[in-house]
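Below: one structure, written as structure tokens.
The values are calculated or read from the model by the stated rules, or taken from the named source; none is laboratory data. Since the model is a prediction, treat every value here as computed from it, not as a measurement. Because the Cβ atoms are built from the backbone with ideal geometry, glycine has one as well, and the counts that use them run over all protein chains shown. Keep in mind that these areas ignore ligands, DNA and RNA; they rest on the heavy atoms of the full protein, side chains included. Shrake-Rupley method; radii C 1.70, N 1.55, O 1.52, S 1.80 Å.
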Protein chains: 2
Amino acid sequence: MKIGALSTKTGLSIQAIRFYERKALLSAPERTQSNYRSYSDVALKQLMFIKQCRALDMTIEEISLVLQARANPDNSCAEVNATIDKHIADIEHRVDELKALQSTLISMRSSCTIDTKIKECGVLHKLDNIVEMQATYKK
Amino acid sequence: MKIGALSTKTGLSIQAIRFYERKALLSAPERTQSNYRSYSDVALKQLMFIKQCRALDMTIEEISLVLQARANPDNSCAEVNATIDKHIADIEHRVDELKALQSTLISMRSSCTIDTKIKECGVLHKLDNIVEMQATYKK
DNA sequence: CTTGACCCTATACTTGGTATAGAGTTTACA
DNA sequence: TGTAAACTCTATACCAAGTATAGGGTCAAG
Ligand SMILES: [Zn+2]
Ligand SMILES: [Zn+2]
Ligand SMILES: [Zn+2]
Ligand SMILES: [Zn+2]
């Protein structure tokens, strides 16, 4: 199977597949005489696994950890669970931050119910004055 | 005031200040004989405004829109309000996506309560099998 | 035998900055 | 006055997670 077929089957772009190879999530495939990548069904499964992880918003690094753990089937899955737990916490943290921003924004927005002039706009005045702001998300 | 003092007063890094200048959020300041940037208190206020907007997770583009509107005080603030409303919707959308991911992750994680071997791990089996996944966030 | 559909590598672009390198400038202190 | 520290300048590279090109090579059909 060449990369175009793999792209169609997985729904991932050709560039994304090559990108995952560069990032070592996917091992480099055999090449044809003309230097084309030639994939087996193992690569297809691997890519679908990666796609699932990305759909869960896991980072490349997190996926890499899970894939490494998955590679030796007799090991304990404790590390996988730790990675997933951390990722769940990552998302929870981000949700909390966004909710805090949301409530600040909504209260700010409520200070201008009827459109008026810029110089009298409550929203802009609040943007000038709000003192304690929520921290921006920093990884 | 030189850039270092401005950085201290605003709490923004020197590079961030120059970055905002490149992005035209902050107009290019006067220069001293030796080509050092020389700022007035107007720039300080402008930067604090930008900082507030970033703390609310607004994009550079959104901030740019608000700053343009703010520049002519007799205009209506309708555009500012539209920008803020859109941004509130942006955040709500992202929160919804993350919550959906969260519940998928938690249900997945619950399929491995006691650490076992990789090949028997419910989490990994689910990662292989989950079919309908939430869409990844695409701006 | 040439056109179109593939594939290859390498590079630039995105966002919101951060972190250098290598150079010039100003300030403090002896 | 000398010099060393602290400051500033531009330009460039880097981060995530890819996308989008340019400029080439390869393969099948008509
Ligand atoms: Zn994570
Ligand atoms: Zn208003
Ligand atoms: Zn927004
Ligand atoms: Zn397990």
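Counting Cβ atoms of other protein chains within 10 Å of each Cβ in A:117-129 and taking the mean gives 6. Only the Cβ atoms of Lys and Arg (+1) and of Asp and Glu (-1) were treated as charged; on that basis the dipole of segment A:1-75 about its Cα centre amounts to roughly 320 debye. So which chymotrypsin sites (Phe, Trp or Tyr not before Pro) in segment B:1-80 pass both tests, a DSSP loop state and at most 14 other Cβ atoms within 10 Å of the Cβ? Counting only loop positions with at most 14 other Cβ atoms within 10 Å, the chymotrypsin sites (Phe, Trp or Tyr not before Pro) in segment B:1-80 are B:36. Past the 32 Å Cα-Cα mark, which pairs from B:45/B:86; A:2/A:86; A:23/B:45; B:51/B:99? Checking Cα-Cα distances, A:2/A:86; A:23/B:45 exceed 32 Å.
Taking a ≥ b ≥ c as the square roots of the eigenvalues of the Cα gyration tensor, an a/c ratio of 1.5 or more together with a/b larger than b/c marks chain A as prolate. Long hydrophobic helices in chain B, taken as whole DSSP H segments with a C-alpha length of 24 Å or more on their own axis and mean Kyte-Doolittle hydropathy at least -1.0: B:78-109. Each other residue within a Cβ distance under 15 Å of residue A:72 adds +1 if Lys or Arg and -1 if Asp or Glu, for a net charge of -1. Using the 1.4 Å probe convention, the accessible area of chain B works out to 57 Å² per residue with neighbouring protein chains retained. Each Cα pair under 8 Å and six or more residues apart adds its sequence gap; the mean of these over the residue count of chain B is a relative contact order of 15 percent. What figure, in Å² to the nearest 10, do you get for the accessible area of residue A:109 with a 1.4 Å probe and non-protein molecules left out? Roughly 50 Å² of residue A:109 is accessible to a 1.4 Å probe.
Using a probe of 1.4 Å on the protein chains alone, the accessible area found for residue B:88 is around 20 Å². In whole angstrom, how far apart do the alpha carbon centroids of segment A:20-42 and segment B:1-61 sit? Taking the Cα centre of each part, segment A:20-42 and segment B:1-61 sit 47 Å apart. Solvent exposure of residue B:1, expressed as accessible area, is near 50 Å², computed with a probe of 1.4 Å over the protein chains only.
Of the residues A:42, A:32, A:17, the one whose Cα sits farthest towards the positive end of the charge dipole of segment A:1-50 is A:17 (charges of +1 on Lys and Arg Cβ, -1 on Asp and Glu Cβ, taken about the Cα centre).
With contributions of -39500 (n - 2.57) from each DSSP H run of at least four residues, the per-residue ellipticity at 222 nm computed over chain B stands at -19500 deg cm²/dmol.
Nonpolar atom fraction for segment A:44-110, defined as the carbon and sulfur part of the 1.4 Å probe accessible area, stands at 55 percent. Assuming charge only on the beta carbon of Lys and Arg (+1) and of Asp and Glu (-1), the dipole of chain B about its Cα centre is about 680 debye to the nearest 20.
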